[in-house]
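The values are calculated or read from the model by the stated rules, or taken from the named source; none is laboratory data. A quick note: this is a predicted structure, and the numbers were derived from the prediction, not measured. Note that we place each Cβ from the backbone using ideal geometry, even for glycine, and neighbour counts take in every protein chain shown. The accessibility values were calculated without ligands, DNA or RNA, using every heavy atom of the protein model including side chains. Shrake-Rupley method; radii C 1.70, N 1.55, O 1.52, S 1.80 Å.
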Number of protein chains: 2
Amino acid sequence: MSGVDILGYSAGFITTLTFLPQVIKTYKEKSARDISLNMFLIAAINETMWIVYGFLKNDMVIVLTNAVVLVMSLTMIYFKLKYNKVAKVELE
Amino acid sequence: MSGVDILGYSAGFITTLTFLPQVIKTYKEKSARDISLNMFLIAAINETMWIVYGFLKNDMVIVLTNAVVLVMSLTMIYFKLKYNKVAKVELE
């Protein structure tokens, strides 16, 4: 495996982790007012497209990495719908 | 160009737009309290890795798509640092 390959696999691995800090922050703080629902809707649709593309190309790396990001995007959509408000404690 | 290729290019194009709704929302609302700084820091580092990978592979599609997302990630980092608070009007 060349240095370029290692860079590619490392970049792909980090891509799967991109949304994780947002999922953790929103889970902890129970507030998602500033989060764009459209961003995660677009991301979820886009990752589904990539998963289909990966299956058609028989490329399981594309399928698996996008499946991880899809799960995180769906989690953020759920959090956005659940916590889409300023935390009540701040307004009282 | 096959249907699979068209799907791939469409997916790639939509990938470049993923962060745009978040950039627009944060620009309009001037509030980024619920946004994870770490998410966009990881994204920016990751896109830089993909850009280097694209150059090394001579793949300008990878370079250009990630350059667009990098600009949006850096914009979100700037907004997060600038607007990292609940909008004052709500606390007054």
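Some observations on this one:
- Mean projected area (nm²) of the alpha-carbon convex hull when chain B is viewed from all directions: 6.8 nm²
- Phi-based couplings in Hz for the stretch A:32-44 (Karplus 6.51, -1.76, 1.60; Gly and Pro marked x): 9, 4, 7, 7, 7, 4, 4, 4, 7, 5, 4, 4, 5
- Ranked order, A:LYS30, B:LYS80 - accessible area, probe 1.4 Å, largest first: A:LYS30, B:LYS80
- Taking all Cα pairs closer than 8 Å and separated by 6 or more residues, the relative contact order of chain B comes to 40 percent.
- Axis-nearest residue in chain A [Cβ, rotation onto B], distance in whole Å: A:ASP34, 2
- Accessible area, probe 1.4 Å, largest first, for residues B:LEU70, A:LEU17: A:LEU17, B:LEU70
- Given A:LYS82/B:LYS28; A:LYS25/B:LYS57; A:LYS30/B:LYS30; A:LYS25/B:LYS28; A:LYS28/A:LYS82, the pairs whose alpha carbons are separated by over 25 Å: A:LYS25/B:LYS57
- Rounded to the nearest whole Hz, the Karplus-based 3J(HN,Hα) values (6.51 cos²θ - 1.76 cosθ + 1.60, θ = phi - 60°) of the stretch A:48-61 follow the sequence 4, 4, 5, 5, 4, 4, x, 5, 5, 8, 6, 10, 6, 5, with x at glycine and proline.
- In order along the stretch A:11-27, the Karplus-derived 3J(HN,Hα) couplings, from 6.51 cos²θ - 1.76 cosθ + 1.60 at θ = phi - 60°, round to 4, x, 5, 5, 4, 5, 8, 4, 7, 4, x, 5, 4, 5, 4, 5, 4 Hz, and Gly and Pro are given as x.
- Shielding by partners - mean other protein chain Cβ count within 10 Å, residues of A:30-37: 6
- Here the protein assembly as shown has 70 percent of its accessible surface on carbon and sulfur atoms, given a 1.4 Å probe and all protein chains in place.
- Loss of accessible area when B meets A, both sides summed, Å² nearest 100, probe 1.4 Å: 3300 Å²
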